[in-house]
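Report on the structure given below.
Where a number appears in this text, it was derived from the coordinates with a stated rule and is not lab data. All figures in this text were calculated on a predicted structure; none of them were measured in a lab. Cβ coordinates were reconstructed from backbone atoms using ideal geometry, including for glycine residues, and neighbour counts include every protein chain displayed.
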Amino acid sequence: MRTIMFIVTVVGVICVSVWAYQENYSTQRMIKDTERLERQIGVAQARLAVLRAEWAYLNRPDRLRDLADINYNDLQLLPLRPDQFGIVEQVAYPIDESLLGIENATEVSADLDGERP
């Protein structure tokens, strides 16, 4: 009986050792993948920062104004004026639901008093 227990213990230790070995290498592989992904994220963030800087540089108001002046004959672009802007209340929304293209609409309302039935 003692021999069987010894053999079972040795087999158990071997199985646990193989499992631990596999987990160790799996963990190391995941750490390497994570580090690689972090490097890729860093490179992407740096590239995004450069692209944002380029976008800001290309969208300078003075540059866009000069481009609009240069290409006036082709584009017919005029400079923006404050009186060209409006407020939301000035926007005319359609009242007729058939204009919206909504069929079988369900009326939804919220209880603003905070009371629940």
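Put a plus charge on the Cβ of each Lys and Arg, a minus charge on the Cβ of each Asp and Glu, and nothing anywhere else: the dipole of segment 1-74 about its Cα centre is then about 440 debye.
Counted by neighbouring Cβ atoms within 10 Å, the residues MET1, MET30 run from fewest to most as MET1, MET30. The phi torsions of segment 14-27, fed into the Karplus equation with coefficients 6.51, -1.76 and 1.60 and a -60° offset, translate into couplings of 5, 5, 5, 5, 5, 4, 5, 4, 5, 5, 4, 5, 5, 5 Hz, rounded to whole numbers, with Gly and Pro shown as x.
Projecting the Cα atoms of VAL8, ALA49, SER26 onto the dipole axis of segment 7-57, where Lys and Arg carry +1 and Asp and Glu carry -1 at the beta carbon, places ALA49 farthest toward the positive end. Among ASP83, ASP66, sorting on how many other beta-carbon atoms sit within 10 Å of each Cβ, with the fewest leading, yields ASP83, ASP66.
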